Amino acid sequence: MLHYFYFMTEVEIAEENKLIAQGYKDLLKISYQTLTDEDKKLIRKAFDIAVEAHAPQRRKSGEAYIFHPIAVAKIVAKEIGLDATAIAAALLHDVVEDTEYSLNDIERLFNPTIARIVDGLTKIAHLKKDGDISTQAENFRKMLLTLNEDVRVIIIKIADRLHNMQTMDSMPDYKQVKIASETLYIYAPIAHRLGLYNIKTELEDLGLKYTEPEVYSDIQNSIKESKEEQDRYIKEFSDIIDDSLNKEGLEYTIYGRHKSVFSIRRKMLKQGVSFDEVYDKFAIRIVFRSDRANEKFLAWKVYSVVTDHFRPNPVRLRDWISSPKSTGYEALHITVMGPDGKWVEVQIRSERMHEVAEKGYAAHYKYKQGNQEDGLEEWLNRLQDALENPEVNAVDFVEQFKLNLYSKEIFVFTPKGDLKSLPKGSTPLDFAFAIHTEVGMRTRGARVNGKLVPLSHELKSGDQVDIITSENQKPTKNWLDYATTARARSKIKSALKEDQTLIADEGKVVLARKLKSQKINLDNNVVNEMVNFFKLKTSQDLFYRVGTGVIDNKAIKEYASSRSNALYSFIKNKIRKPKSNPDLDKQEVTENYDDIVFGKEQVQLDYTLSKCCNPIPGDSVFGFTTVSEGIKVHKNNCPNAISLQSKFAYRIISAKWIDSTQREHKADLILTGIDRLGLVQEVTQVISEFMSVNIKSISFSSDDGIFKGEITVVVTNKKILQTLMQNLNKINGIDKVTRS
């Protein structure tokens, strides 16, 4: 960080010291928490060290640098309402990064908790800020990983970012745009998810101010011009319902709150309208006094009074009291036809609900015996599964995370009536993993509102979901097409990897035995030769293919005979080993992507790879149907992707790379023979014992002791199907097994 030095008179120095001292006093006064004497000592000590450490430093604006950590600590204390530990850490958040103090000094002077928080904040500060989207995403991921150490790290970072956004005027334009864009991309969504609505709103407005200054200025000026009209409207609205509310004996306040500049801008873009055409530019709030027991009753009483006077829009009722948001937010939102025939949103809250809405988690858990961290930990646990999975691509992770942040929640019920919140678009599979990992892993089917539905069924708010489980069930590859939440997808991928590892372990044993019959010992040299011979990437890939039967006896014999072939020796000496890929973990089972399939049915079509983005196997891709050149395949992040998808959406085909050796194929089997008790059970048991085989349909009929069975199975290759048919033929009573 650059330090700026200024010459000051004694009067200016004295005035500045007075303001610094006042900052400390304000900090104690405005703290949302009740501070003990010990808390005050801790804050004073942190304050003194921060003042001393930052004494020589100035911000670019010219003011003493210490005003920044004081401002951040004030946001943490007042706006977010955290404890003395967080306030002290906020005061010290730049000390290790910018001064002579070390992390060991902080731990020695304070305690390990404060040192851990300061360390987390220092790590974030040291992250590389420049680079492509992948680098930025990886930085974001690393930043979120600090949550595992102490959730207060990210909260103080949000406060730090808010104050930086509030004081950016002296920065160059390009830096303002970069910091503002990052704020809108990362910090505003996290503040929203944490329930810090006021901070989220301010971050969004400031983000717009620096990314689109003219738009921001126009909307802000329009808001100021319409303030007089807004005040008149709120008075007119209040006059109509005041008498009725007073007759009910309610203590209440009615006031208006203008929608934020950012949210008005979003509405203008979404609806394609001007500022004057946005009908709900402000909301009317009715905040009533109540004890905890009568809150819900009184909220609906206020609702009744409002709707007696103004016609409600039935599709715009939001009951966040019966089903609070996962952030703890509670309120009734109704949209009514107000004076002058204008639609207006009315928010009905108790004083407690209003405090929760303003402060987020700090207030919510103040009303639960002061335990403020449980709620944050609950949210953190949901996120942790995705964070701890190192195999999640960083860009996908950010997009998944943002999806979960911005998506509207749905509320579904368990069979016993417990309420669960999920992102909109969730499926029964997402619900199962939200209940418990084991429930998700053993999911065989689901009933929604009493009816059997496929695992791909999209859940809606109010659905009652009953998960059907089976001890024999295991996750399959197509589950990834049904699961949408980060938690479910992470667990499914891990399970599939474990399954592949087990098959690879079995394959290694089988390979050793088969090579022995060819008088070849399985050692590292032989494994490397076979990996090259079969054009694979890793030894695990080789063992997996042997385990699934893709590399069968015939293929192994071809390899064995090639060893004694002089021509093969020549080729072997000339062959290039695959280039090492730093991203490839040699212990992992990797897929040998070699073909592209299109659409939900995964059909094979002729295609060419687009030259504008040069997709390679494994990239996320889509197909684009051209007029004269057939299907062209582009990467999802191709520079032309947004243009193609917006102008020619009807020509877009979903596509993905697959390993053709593991592609699933349907096969219809006909079984005939002599009927006997338990035969069908024995047939299904034999099929279920086969890995990578799924039954799609099954029907049996019997006529005078002779039966006929028709079974449709899905297999990954012909070898597995042949082995399955041989095993079915061995069952007592079965005469013949054929393919239709």
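The values are calculated or read from the model by the stated rules, or taken from the named source; none is laboratory data. If you're wondering where the values come from, they're calculated on a predicted model, not measured in any experiment. Using ideal geometry, Cβ is built from the backbone for each residue, glycine included, and neighbour counts are taken over all protein chains shown.
Give the residue that is farthest from Ala357 (Cα to Cα), with candidates limited to residues of segment 294-319 that are among the hydrophobic types (A, V, I, L, M, F, W, C) and modelled with pLDDT of 90 or more. Full working, then the answer.
Initially, segment 294-319 is screened for residues among the hydrophobic types (A, V, I, L, M, F, W, C), giving 297-300, 302, 305-306, 310, 315, 317.
Now restrict to residues that are modelled with pLDDT of 90 or more: 297-300, 302, 305-306, 310.
Numbers: Phe297: 19, Leu298: 18, Ala299: 15, Trp300: 19, Val302: 19, Val305: 23, Val306: 21, Phe310: 25 Å.
So the residue we want is Phe310.
Just to be sure before I move on: is Phe570 among the aromatic types (Phe, Trp, Tyr), at pLDDT 85 or above and either over 28 Å from the mean Cα position of the chain (by Cα) or surrounded by fewer than 13 Cβ atoms within 10 Å (Cβ to Cβ) (or both) in the structure I sent? Before the answer, list the steps.
Numbers: among the aromatic types (Phe, Trp, Tyr): yes; at pLDDT 85 or above: no; either over 28 Å from the mean Cα position of the chain (by Cα) or surrounded by fewer than 13 Cβ atoms within 10 Å (Cβ to Cβ) (or both): yes.
Taking the combined requirement at face value, the residue does not satisfy it.
Residue pairs whose Cβ atoms lie under 6 Å apart, sitting 6 or more positions apart in sequence or on different chains, and linking a residue in segment 693-710 that is assigned by TED's automatic domain parsing to the domain that holds Leu721 and at pLDDT 85 or above to a partner that is of a type in the set (S, T, N, Q) and surrounded by 13 or more Cβ atoms within 10 Å (Cβ to Cβ), are Lys708/Thr672.
Do any helices (runs of 4 or more DSSP H) entirely within segment 247-365 hold 3 or more residues that are without any contact (Cβ under 8 Å) to a residue 60 or more places away in the chain, within 30 Å of Gly207 (Cβ to Cβ) and of a type in the set (A, V, I, L, M), and if so, which? Spell out the reasoning first.
Values: elements: 261-271, 295-309, 351-359.
Correct list: 261-271.
Considering the conditions (1) surrounded by fewer than 18 Cβ atoms within 10 Å (Cβ to Cβ); (2) in contact with a helix residue (DSSP H, G or I) (Cβ under 9 Å, 6 or more places away or on another chain), Ser170 is excluded by exactly one of them, (2). Among the criteria (1) of a type in the set (D, E, K, R); (2) surrounded by 15 or more Cβ atoms within 10 Å (Cβ to Cβ); (3) within 21 Å of His192 (Cα to Cα), the one Lys301 does not fulfil is (3).
The residues of segment 78-110 that are of a type outside the set (D, E, K, R) and over 17 Å from Val151 (Cβ atoms), listed by number, are Leu91, Leu92, Val95, Val96, Thr99, Tyr101, Ser102, Leu103, Asn104, Ile106, Leu109, Phe110. Of the helices (runs of 4 or more DSSP H) lying entirely inside segment 52-110, the ones with 1 or more residues being closer than 26 Å to Glu355 by Cα and among the polar types (S, T, N, Q) are found at 84-91. Against the numbered list (1) crowded, with 17+ Cβ neighbours inside 10 Å; (2) at pLDDT 90 or above, His333 comes up short only at (1). Residues that are surrounded by 14 or more Cβ atoms within 10 Å (Cβ to Cβ) and more than 26 Å from the chain's Cα centre (by Cα) within segment 624-637 comprise Phe624, Thr625, Ile631, Lys632, Val633, listed in sequence order.
Among residues of segment 49-61 that are farther than 18 Å from Ser102 by Cβ and of a type in the set (D, E, K, R), those with a beta-carbon under 8 Å from a residue that is at pLDDT 90 or above and outside any helix (DSSP H, G or I) at least six positions away or on a different chain give the pairs Arg59/Thr167.
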